Structure formats: C-alpha cells, structure tokens
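Here is the structure we will look at, set down as structure tokens.
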Amino acid sequence: TLMFVQFALVTVSFWWELARWLDSFFISILYNSPGHQSEVSLSWAFLKNDRDDVIMSFVLGMMFLILPGLWVTAMSWAGVNVGKLADHFTQGSRQVKESGSNGTNIVQSGAKTMSK
C-alpha cells in the first residue's frame with residue numbers, strides 16, 4: 001500500500017507540470033485570440049473577454065488541485081486492494097503451512113519411536 005502511495009506522490013509532479021504547460025499554452029492562445037485584440041494596452045485586455053478567463057481559471061484550478069488529488073486517491077485505493085489480495089494469499093496458504101507442520105511432527109515422533 002505504501003509503495004503505491006509513494007509512487008503516486010512521486011508522479012504527482014507530472015500532473016503539475018502538465019497543468020503548468022497547459023497554463024502557459026492557454027494563456028498564449030487566449031491572449032492571441034481576436035477577443036483579446038485591441039488598441040488598448042494588453043494589461044486591460046482581460047476586461048473584454050472575461051468569460052474565457054473564468055473558464056481557463058476553472059480548468060487550471062481543476063488541473064492543479066483536483067486531478068492530482070484524484071490520482072493520489074486512485075493509487076492509494078489500488079494499493080489497499082493489492083494489500084488485501086496479498087492477505088488473501090497468506091490466508092489461503094495457511095492450511096498448507098499447518099499440514100506441513102503436522103507432517104514434520106509425525107516424522108519426528110516416528111523417528112523417536114524407532115530410535116527407542
């Protein structure tokens with residue numbers, strides 16, 4: 001379980017880097033669009049097309065916060081289920097272990113009896 005959690009935490013930087021790349025890509029697309037072109041300086045361009053800015057902020061917020069959170073949750077859930085599977089294998093082999101132990105006890109008691 002901890003191996004899956006550690007893997008998720010190490011790879012979450014991939015999702016942040018993807019979100020950062022999309023952030024810069026969206027900004028270049030958005031501010032080069034006709035909705036943001038004007039003779040006024042570019043610092044005031046956001047006032048002309050605020051709907052795109054809100055959508056972009058929402059998508060990027062999801063990319064930076066929600067997507068890595070879902071990734072860590074999914075990997076943790078997978079780790080817990082793999083741990084439960086390993087526990088089932090342990091419980092399934094318990095009867096074989098007990099039988100082997102009983103067989104060893106029988107052989108030892110037979111050897112003691114024959115040596116007397």
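The values are calculated or read from the model by the stated rules, or taken from the named source; none is laboratory data. In this text the structure is predicted, and so the values were computed from the model without any measurement. Cβ sites come from the backbone with ideal geometry, for glycine too, and all protein chains shown count toward neighbours.
Please work out if Ser13 is farther than 16 Å from Met63 by Cα, modelled with pLDDT of 70 or more and either in a helix (DSSP H, G or I) or touching a strand residue (DSSP E or B) at 6+ places or on another chain (Cβ under 8 Å) (or both).
Considered against the rule, which asks whether it is farther than 16 Å from Met63 by Cα, modelled with pLDDT of 70 or more and either in a helix (DSSP H, G or I) or touching a strand residue (DSSP E or B) at 6+ places or on another chain (Cβ under 8 Å) (or both), Ser13 comes out as no.
Screening Ala74, Ala111, Ala86 for residues that are among the hydrophobic types (A, V, I, L, M, F, W, C), at pLDDT 85 or above and in a helix (DSSP H, G or I) leaves exactly one candidate, Ala74.
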